[in-house]
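What follows is a set of notes on a single structure, which appears directly below.
Just so it is clear, none of the values below were taken in a lab; they were calculated from the coordinates. These numbers come from a predicted model, not from an experiment. As a convention, Cβ positions derive from the backbone with ideal geometry for all residues, glycine included, and neighbour counts pool all protein chains shown.
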C-alpha cells in the first residue's frame, strides 16, 4: 500500500478534467482511467478486488463513471462485469462469502466505509435486474414500495403523485393507468421490465445500475427500454451490463471491456468499437473470444 | 419349497431374457437395425411374460393350497370318524390332525388320527412338489410361446412398456383401494353406530360418557355419545400445539434461510429435522414425566391450579414435535422465492427485515400456510403424546390448564381391553374415527390445494 496513493489519484482526476494527455504505459491503464469524461464524475472506483471465498473475481479494477451518461460494461460471461456493477451499490454485501477491497466514491464520498449504510446507499443507487422481477403485488404497490419504505411521501396523494410520475418517466403509465391495482406479474415481459425501472426511479436515485436489462426481452421491448435509458440519462447516471455489443454501441457513451476479472480497456464507446487499443478488446468485439 | 418355486421362476425369467435376446438377433443374422425393437426389449418381453404370470400363479396356488388339502383330507376321513358330527366338530378333528402333523403332541393320538396326520404330511409334500413342477412347466410353455412370436417386426418395446404400465397401475390401485377399503369399513361401522345412537346426538351432544350396561338388567348409567367435548379437547390441544410450533418454526425457518451462514445452516437444518425423527412415544413420556409436573409446580407457584394432565402440557410438547414440520415446509417455501425478488427489494434500499416482511413472507405465504395446515392435521391426528399426557374425561372447556381428552385418546380407550363389536361403546370409535378422518382430509385437501397453487407461480 503506497502511502501517497490517494493524492496521486486526485492528481490524475485533475489531469483528466483538464484534458491533459497522460503518457502512461498501457499496463497501468486499469489503475488510471485514461479517457476524459465529458460530464461530471459520478462513481470513482479504485483498486477494486472482489473475492468469493477464496476465488478472486475482480483484480484491481479502477474505473470512472460519469454522470448523465450511460456507461456500458461488456465482456464474456464470468468476466466480472456484474460483480463490478454490484460493487457500486454494495449489493455484494448481501452475499456472505463475498469480500470487496478497494475504494468506490460516489460524488466524492467513499461508500465502502462504516459511515455509509448500504441500505440508504441503495436508495441513491437503484438497480434493475436481468430478469423482470416485479413483486407479487399490484402495479401501484410495486412502484410505491421504495417511496413507502423511505418515507418519501407525506400522504396518499403525494405517494400517488410519485407513482404516477415514475410510471410516466418509465413510459408505462399510458399502458397501465386503468389497471394500477392489478398484479404487476400480469404484465408482458417488456412492461414488467419497465415497471422495474419505474420502481427503481421512484426512490429518486442518482444512478441506476442495470444488469443485462434486455436479455430476456424481444427486440421491440428492447428498443423501448433503450429509448427510455436515453431519456433517463438526462437526469442520472446509468451503468449497464450487456452481452449485446450492438446494444452497448447504440446506447452508451462510454464502454468498459472486462476480461477474466480485469478491466482491459475503457473509453468512449465509438473508440472502443472502432479503434480498440487492446488486442483482447479487438478479439472480443469481432467475436473471436467470448 | 416355496422359495424353490420363486427361485425357479427367477431362473426361468433370466433364461428367457438371454434366449429371447439371442433369438431376436439370430432372426436378423445380427443386423440389429432390421429389428423393430432393440434385442434387449425382446429379451425383457420374454422375461416379463414368464415372470409375472407364473408368479401370480404361484401366489394363487399358495392362497388356495391349504383349503384344497383340507377338503381332500376331510374326504379321506373314514365314515365313522365324521358320521353324526357337525362341520365345526370335523374342523376340530382337522385341527388336531394338523397339530399332530406338525409334531405337537398333547397325548398319544388314536391310530386313525395318526394315519390322517401322515396323510396330511404326505399331501402337503406332494402339493409342494406339484407347485414347483407346474411353475416350471408353465414358465417353459410361456417361453416357447413367446419365442415363437419374436420376429423382425415384433413390437417388443411396446409390449414391455405395456407390461410396465400395468405394474405401475397395479401399484397405484393398491394404494387407492386400501384407502377406499378403510373408508368403507369406517362408514359401514359408523352407520351401525348411528342406527343405535342418532347422529344429531353424536354431532351436537355436549356429553361424552361412553358407558353402557355390561350385562342385561345391570343398573348403570345410560351412555352419552356427544362428540363435541371430545372435539373441543382435540382442537384445544391442537391449537396450543400450533401456537407453539408456528411462531418457533417460522422464525427458525426465516433465520435458517436468511440469516444463518451456510455452514451453520448445514449444521442446524439436519439437527432440526432430527427432531422429527424422535418417536412420539418419547415425546409422550417427556410430556407426562417432565413437562406436566413442571407446569403444575410452576402454576402452583403463581397461584394457578394446573391439572397434572393439562391440555397445555400435552399441547406444548406436541408443539415441539411439530416444529420441524412447520420449519422445513416454511424453509422450502421461503427458499422457493426467487433470489431476484429479494435482490430487487434490497436494491431499492429496503433493509433485510423490511424485505422479509414485505416481500419474502407474502410471496412464500401460500407455502407456509400449506405447511401449517399439514401440521394442524398432524396435530389433530396425533395419538401417542395425548394418550400419555392428556386426560381421559371429556370436559367441555377451553381452559388450557384443565384436563381435556381428544378424539384419538377416546378411540384408543374405547378399543383396548375386552370389547364386543355390537354395542354403541365400541362402535362409537368408528364414528369418531370417521369424523376425524373427514376433518383431517379436509385440512389436507386445502393444504395441498394451496401448495399446488403456489407451485405454479414460480415454475
message: With the crude spin-label approximation of a point 7 Å out along Cα→Cβ, what separation in nm comes out for residue B:285 versus residue B:25?
response: 6.2 nm
message: Debye calculation, C-alpha points only, no solvent: report log10 I(q)/I(0) for chain B at q = 0.11 Å⁻¹, in the same order as the q values.
response: -1.06
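Given R₀ = 45 Å, what would the calculated FRET efficiency be for residue B:124 paired with residue B:147, taking r from the Cβ atoms and rounding to 0.05? The partial results should precede the final answer.
Numbers: r = 35 Å, r/R0 = 0.78.
For R0 = 45 Å, the calculated efficiency reads 0.80.
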- prompt: So how much slack lies between residue B:115 and residue B:64, counting 0.36 nm per residue of separation and subtracting their Cα-Cα distance, in nm?
  reply: 16.0 nm
- request: Report P(r) for segment B:158-295: all Cα-Cα distances, bin width 10 Å, range 0 to the bin holding the largest distance, values in whole percent.
  value: 9, 17, 20, 25, 19, 9, 2, 0
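If you take the beta carbon distance between residue A:246 and residue B:294 as r and set R0 to 51 Å, what does 1/(1 + (r/R0)^6) give as a FRET efficiency, to the nearest 0.05?
On the way: r = 73 Å, r/R0 = 1.42.
Efficiency for this residue pair is about 0.10.
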query: Between residue B:56 and residue B:224, what is the FRET efficiency for a Förster distance of 45 Å, r being their Cβ-Cβ separation, to the nearest 0.05?
result: 0.30
- request: Rank the residues B:134, B:377, B:327 as a footprinting-exposure proxy: fewest other Cβ atoms within 10 Å of their Cβ go first.
  value: B:134, B:377, B:327
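For segment A:203-290, give me the percentage of DSSP beta bridges that are antiparallel, rounded to the nearest 5 percent.
Antiparallel bridges: around 55 percent, rounded to the nearest 5.
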query: Looking at the protein assembly as shown, what % of its DSSP beta bridges pair antiparallel, to the nearest 5?
result: 60 percent
field: Principal-axis tilt of helix B:262-276 within chain B, Cα atoms, nearest 10 degrees
entry: 70 degrees
field: Where labels lie 7 Å past Cα in the beta-carbon direction, separation of residue B:340 and residue B:395 in nm
entry: 5.8 nm
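Once you keep just the Cα pairs under 8 angstrom separated by 6 or more residues, what percentage relative contact order results for chain B? Before the final figure, lay out the partial values.
Details: 575 pairs, mean separation 74.4, N = 459.
Once normalised by length, the contact order is 16 percent.
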- prompt: Counting other C-beta atoms within 10 Å, which of A:135, B:57 has the fewest, and how do the rest follow?
  reply: B:57, A:135
Rg/Rh for segment A:246-285, where both radii come from Cα atoms and Rh is the Kirkwood radius: 0.93
- request: Output the Cα-based Rg and Dmax of segment A:162-257 in Å, rounding Rg to one decimal and Dmax to a whole number.
  value: 13.2, 43
message: For segment B:2-154, what are Rg and Dmax over the alpha carbons, in angstrom?
response: 23.4, 75
statement: Note on segment A:39-285, DSSP bridge orientation, antiparallel percent to nearest 5 equals 60 percent
message: Tell me the angle of helix B:39-76 to the major Cα principal axis of chain B, expressed in degrees between 0 and 90 and rounded to the nearest ten.
response: 80 degrees
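How do the peptides A:147-156, A:268-277 rank, highest first, by the average count of neighbouring beta carbon atoms within 10 Å per residue?
On the way: A:147-156: 14.0, A:268-277: 16.7.
Per-residue Cβ counts within 10 Å, averaged per peptide and sorted highest first, yield A:268-277, A:147-156.
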- prompt: Counting only other chains, what is the mean number of Cβ atoms within 10 angstrom of the Cβ of each residue in peptide B:348-361?
  reply: 5
task: Normalise the Debye intensity by I(0) for segment B:126-237, one equal point scatterer per Cα, no solvent, then take log10 at q = 0.16, 0.20 Å⁻¹ and round to two decimals.
output: -1.00, -1.16
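Using 0.36 nm times the number of residues separating residue B:423 and residue B:187, minus their current alpha carbon distance, what extension gain do you get?
Numbers: separation 236, 0.36 × 236 = 84.96 nm, distance 1.61 nm.
Extra length available between residue B:423 and residue B:187 comes to 83.4 nm.
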message: Limiting things to C-alpha atoms, what are the Rg and the maximum Cα-Cα separation (Dmax) for segment B:352-419, in angstroms?
response: 18.5, 61
task: Neighbouring Cβ atoms within 10 Å as the yardstick, rank B:439, B:46, B:184 fewest first.
output: B:184, B:439, B:46
query: Using the alpha-carbon atoms, what tilt in degrees (0 to 90, nearest 10) does helix B:424-458 show relative to the longest principal axis of chain B?
result: 80 degrees
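Send over the semi-axes of chain A's equivalent ellipsoid, whole angstrom and largest first, taken as the square roots of 5 times the C-alpha gyration tensor eigenvalues. Working shown, then result.
Details: eigenvalues 217, 91, 60 Å².
Value: 33, 21, 17 Å, ordered largest first.
Ignore the peptide's own chain and count Cβ atoms of other chains within 10 Å of each Cβ in A:144-150; give me the average, rounded.
For peptide A:144-150, the averaged partner shielding equals 4.
Give me the inter-chain shielding for B:338-344: mean count of other chain Cβ atoms within 10 Å, whole number please. Present the calculation step by step, with values, prior to reporting the outcome.
Details: counts 3, 3, 7, 5, 2, 7, 15.
For peptide B:338-344, the averaged partner shielding equals 6.
Jot down the per residue volume, in cubic angstrom and as a whole number, of the convex hull over the alpha-carbon atoms of the protein assembly as shown. Can you show the working numbers first?
Values: hull volume 231.0 nm³, N = 749.
Convex hull volume per residue, Cα atoms: 308 Å³.
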- line: Once both label points are put 7 Å beyond Cα along the C-beta direction, the residue B:276-residue B:91 separation in nm becomes 4.7 nm
